[in-house]
Each structure stands twice: as structure tokens, then as C-alpha cells.
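A.B. asks: The structure under discussion is supplied below as C-alpha cells; questions concerning it will follow.
The values are calculated or read from the model by the stated rules, or taken from the named source; none is laboratory data. Remember, predicted model here, so these are calculated numbers, not experimental data. No Cβ is skipped: glycine too gets one built from the backbone with ideal geometry, and neighbour counts run over all protein chains shown.
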Amino acid sequence: MRRFVSRTAGLLLTACALLAVPLPVRAAGQDPPGETATAALPDEVGALRREIETLRRDYEGRIAALEARLHALETGPVAAPAAAPSPAPPAAGSKVFNPDVAAIGNFVGAAGRSPGGGEPSLNMQEAEISFQAVVDPYARADFFVTLGPDEVALEEGYITFPTLPGGLLTKIGKMRDAFGKVNGQHPHTLGFVDRPLVSRNLTGGEDGLADAGISVARLIPNPWLFLEATGQVYQGSSEVFQAPTRGDLAYVGHLRAYQDLGESTNIDLGGSIAYGHNGVTDDTTTRLLGVDATLRWKPLRRSIYTHLLARGELTWSRADVASGSLDAVGGYGYLEYQFGRRWTAGVRYDSSERAYAPGLRDEGGSFILTYRPSEFSLVRAQYRRTSLADIDRPANELLFQFLYAIGAHGAHPF
């Protein structure tokens with residue numbers, strides 16, 4: 001402010017100095033050259049004097065106001081200087097203490113005749129809370145907690161080491177077994193409201209094959225296709241396996257092959273094996289064999305408008321009991337087509353024997369219609385017709401599902 005006052009005063013002094021400069025006076029009887037231009041000179045000088053006088057009065061008023069304000073600031077209370085804002089921490093530092101947090105709600109309703117105790121008419125089936133973050137440059141952690149009507153449970157919680165020697169990718173914690181395709185998927189990633197009959201009859205239903213253990217996977221280099229082998233060791237405590245002692249572990253192996261067939265088409269093949277004690281007696285075991293195949297067509301230029309997916313799984317089970325062994329086979333086929341940016345239609349056929357009920361086979365068919373307002377919400381309707389082996393009449397139902405998500409939820413395996 002003092003600098004502004006000094007500059008203003010200097011400008012005023014300059015104007016006064018200009019006023020003090022003497023003007024040339026014409027002698028009596030002397031006619032200067034350029035009579036026409038000189039005759040108008042006194043009028044111009046007068047106009048300049050009046051303009052300078054106006055500016056002088058204006059600047060004097062402004063200087064007086066500025067001096068009064070400066071005096072008030074100098075004699076008044078001194079305000080504390082504002083604290084400089086602290087620099088924002090780098091994004092990487094904030095992520096260390098703040099993992100990605102997300103919540104997904106899964107609301108399911110049903111209408112029609114239920115086949116032997118199905119879904120309730122209206123049910124908040126579960127809410128999934130996820131916490132995901134990079135632990136350090138060598139590991140990341142993932143936790144998925146499910147909140148259901150009757151329980152709060154840890155669905156998955158594991159740490160992943162992607163860069164161990166030998167090209168090994170290792171997971172340690174509680175996780176879903178790498179058996180087939182559907183078993184490893186969370187409910188909100190499925191293409192239908194319910195799980196296929198083969199999941200309920202042979203691989204544990206909604207909870208499926210999930211246990212605490214160690215998983216090791218490795219890519220197998222070759223010039224032809226993507227090939228990955230996975231070996232897992234589990235505690236032996238799941239819906240299918242029940243270990244009687246600490247040393248009776250459960251084992252799972254999976255081999256996956258993937259190949260692009262063109263710019264828009266790819267195929268995914270898998271083979272799975274699982275073995276463990278089933279808890280019928282101390283010595284009885286269950287063996288599972290599975291194969292799965294997925295064919296995808298998704299044109300790059302119209303990938304958000306259309307795609308086609310065809311998937312099938314087949315599972316064979318041999319469960320030992322006190323009297324011998326019981327074999328059962330089941331599977332499903334699923335076809336999905338996207339016919340609009342937000343619309344998808346699908347059909348599914350189920351057929352499965354029961355693990356501990358030889359000769360009983362359940363069958364079912366479904367038609368699914370899905371609408372996705374955005375990537376954070378989903379509305380789905382499923383017409384399901386089920387024929388259970390121990391019920392005379394087929395059951396016809398209409399299932400509907402509302403899925404919605406908030407937060408940063410990491411991508412699931414492809």
C-alpha cells in the first residue's frame with residue numbers, strides 16, 4: 001500500500017511540474033508563422049490545464065483516503081498471518097493407509113411355486129464389503145466380508161505375492177477353490193440370479209468350495225497358447241470336504257488354457273480335480289473331476305453394444321461311504337447375448353444327479369433378462385422351471401434381482 005501511495009504522489013508531482021513550465025509569449029505586433037495553428041493554441045492549453053486540475057483533485061482525494069486507511073491499519077490490532085496451507089500428500093502415500101473400499105448390495109425376490117424350499121419372497125440376500133490394497137511392492141491384500149440375514153462371514157481374505165522366485169503367483173488365506181468357473185465367482189459376478197443345480201448337488205451350493213489354504217499358480221510358457229497351472233492345499237473344512245484330523249488336508253488342481261481365435265473371438269478351456277475327506281467316516285473321501293469351456297465373441301468396434309458368450313461345465317463326483325462309493329454327474333449349459341447397450345438375454349439348462357442319492361436326477365431351465373442402467377447397478381429377471389427327482393410336479397418361478405455397488409471394487413478374474 002505504501003508503494004501505491006508513493007507512485008500516486010510521484011504522478012501528481014509530475015503533473016504539477018508540467019503546469020509550471022512557462023509557455024512561449026508572443027511579442028506585440030509580432031505575427032508568428034503558422035497563424036492558423038497558433039490561434040487555436042490557447043484553447044488547447046486551457047483544456048489541458050482543466051484536465052490536469054481535475055486529475056490533481058481526484059488523486060488528492062484518493063491519496064487522502066489511502067493515507068487514512070493506512071493509518072487505521074498501523075494503529076489497529078495486528079492480525080495474525082494466515083497459516084500457509086500444508087501441501088497435499090502424494091496419492092501413493094494416501095493409498096497406504098486407505099485401501100479401496102466398496103459395498104455391493106444383492107436383493108433377490110421370488111414369486112411362484114418353490115421347489116422344495118427356495119428363495120424367500122423378498123430377501124436382502126447379502127451385502128458384500130470389500131477392502132483391497134497394495135501392501136508393499138511385493139504383495140497385495142483382498143478381503144471380502146458378506147453380511148447376510150443370519151450371519152456375518154468372511155467370504156474371502158487373502159494376501160497375494162505375484163513375484164515370487166520361479167514365476168510363482170501365491171495366495172495365502174481363505175479363498176474360493178479354483179474348481180471350474182462358477183465356484184470361484186461371487187454372486188454379483190454371475191450371469192444369473194441363482195447358481196446351477198450342479199453347484200447345489202455336487203460342489204456345495206452357494207458357499208461352494210471355499211476354505212483356508214495356500215494356492216500356487218504358474219504360467220507354462222509355450223508358443224501356442226496361454227497355459228496356467230494352479231495347485232492348492234486347504235484345511236479341509238468346506239461344504240464338501242470335512243477333515244477328521246489336522247493332517248487330513250484337501251487338495252485342488254486346475255489347468256487353464258486360453259487362446260484368441262481372431263480379433264473378436266476367444267476360447268477358454270479348463271480342467272479341475274479336487275480330493276479330500278468327506279466326514280462320513282474317518283477314512284472316507286470324495287473326489288471331484290470337472291471340465292469347463294467358454295467361447296466369447298465381442299467385436300472391438302461395438303464391444304459396448306453386443307457380445308455373445310457360450311459356457312458349459314461338467315462335474316463328476318465319487319463319494320465314499322461305509323457301504324462303498326457313490327458316483328454322480330452333473331452340468332449346465334449357458335448362452336448369453338447382448339442385444340443393446342444395456343440389455344442382455346440368456347438361457348441356461350441344468351441337469352445334475354445328487355451326490356449321496358444314487359439314481360435321483362434334477363433338471364431345470366431358465367430364461368434370464370438383464371438391464372444395466374450403469375456399471376454400478378443391475379436389474380435382472382429370471383424365469384426358472386425346475387423338475388426335482390423327488391417332487392412330482394415341476395416348479396415354475398419368477399426371480400428378480402437388484403444389484404448395486406458403491407466404492408472402488410477391483411476387477412474379478414477374467
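A.B. asks: For segment 258-272, which residues satisfy the criterion of being surrounded by fewer than 18 Cβ atoms within 10 Å (Cβ to Cβ) and touching a residue at least 24 places away in the same chain (Cβ under 8 Å)? Break it down stepwise before answering.
C.D. replies: Taking segment 258-272 as the starting set, the residues that turn out to be surrounded by fewer than 18 Cβ atoms within 10 Å (Cβ to Cβ) are 258-269, 271.
Of everything in segment 258-272, those that are surrounded by fewer than 18 Cβ atoms within 10 Å (Cβ to Cβ) and touching a residue at least 24 places away in the same chain (Cβ under 8 Å) turn out to be Tyr258, Gln259, Glu263, Ser264, Thr265, Asn266, Ile267, Asp268, Leu269.
A.B. asks: Hey, can you tell me all the residues within segment 176-219 that are in a loop (DSSP other than H, G, I, E, B), in contact (Cβ under 8 Å) with a residue 60 or more places away in the chain and not charged (D, E, K, R)?
C.D. replies: Ala178, Phe179, Gly180, Gln185, His186, Gly191, Phe192, Val193, Pro196, Thr203, Leu209
A.B. asks: Something else about it: Do we find a residue being under 30 Å from Arg302 (Cβ atoms), in the same structural domain as Ala310 (by TED's automatic domain parsing) and not aliphatic (A, V, I, L, M) anywhere in segment 232-254?
C.D. replies: No; the residues of segment 232-254 include none that is under 30 Å from Arg302 (Cβ atoms), in the same structural domain as Ala310 (by TED's automatic domain parsing) and not aliphatic (A, V, I, L, M).
A.B. asks: Does Thr163 meet the test of being outside any helix (DSSP H, G or I), surrounded by fewer than 19 Cβ atoms within 10 Å (Cβ to Cβ), hydroxyl-bearing (Ser, Thr, Tyr) and in the same structural domain as Leu335 (by TED's automatic domain parsing)?
C.D. replies: Taking the combined requirement at face value, the residue satisfies it.
A.B. asks: Further question on the same structure: Which members of segment 269-315 meet the condition of being modelled with pLDDT under 95, of a type in the set (A, V, I, L, M) and either more than 29 Å from the chain's Cα centre (by Cα) or farther than 30 Å from Ala345 by Cβ (or both)?
C.D. replies: Val280
A.B. asks: Okay, next question. Determine if segment 278-290 includes at least one residue that is surrounded by 17 or more Cβ atoms within 10 Å (Cβ to Cβ), on the phi > 0 side of the Ramachandran plot and not in a helix (DSSP H, G or I).
C.D. replies: Checked segment 278-290: at least one residue is surrounded by 17 or more Cβ atoms within 10 Å (Cβ to Cβ), on the phi > 0 side of the Ramachandran plot and not in a helix (DSSP H, G or I).
A.B. asks: Looking at (1) over 28 Å from Leu378 (Cα atoms); (2) touching a helix residue (DSSP H, G or I) at 6+ places or on another chain (Cβ under 7 Å), which is the only condition Arg176 fails?
C.D. replies: (1)
A.B. asks: Right, another one. What is the one condition in (1) buried (at least 16 other Cβ atoms within 10 Å of the Cβ); (2) over 26 Å from Ala345 (Cβ atoms); (3) not aromatic (Phe, Trp, Tyr) that Ala229 does not satisfy?
C.D. replies: With respect to (1) buried (at least 16 other Cβ atoms within 10 Å of the Cβ); (2) over 26 Å from Ala345 (Cβ atoms); (3) not aromatic (Phe, Trp, Tyr), Ala229 is out only on (1).
A.B. asks: Can Val182 be described as of a type in the set (Val, Ile, Thr), surrounded by 19 or more Cβ atoms within 10 Å (Cβ to Cβ), within 22 Å of Leu269 (Cα to Cα) and touching a strand residue (DSSP E or B) at 6+ places or on another chain (Cβ under 8 Å)?
C.D. replies: Details: of a type in the set (Val, Ile, Thr): yes; surrounded by 19 or more Cβ atoms within 10 Å (Cβ to Cβ): yes; within 22 Å of Leu269 (Cα to Cα): yes; touching a strand residue (DSSP E or B) at 6+ places or on another chain (Cβ under 8 Å): yes.
Against the criterion (of a type in the set (Val, Ile, Thr), surrounded by 19 or more Cβ atoms within 10 Å (Cβ to Cβ), within 22 Å of Leu269 (Cα to Cα) and touching a strand residue (DSSP E or B) at 6+ places or on another chain (Cβ under 8 Å)), Val182 qualifies.
Okay, residues lined up against (1) hydroxyl-bearing (Ser, Thr, Tyr); (2) surrounded by fewer than 21 Cβ atoms within 10 Å (Cβ to Cβ); (3) under 29 Å from Asp268 (Cα atoms):
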site	(1), (2), (3)
Tyr337	yes, yes, yes
Gly365	no, yes, yes
Ile368	no, no, yes
Val379	no, yes, yes
Ala395	no, yes, no
Tyr404	yes, yes, yes
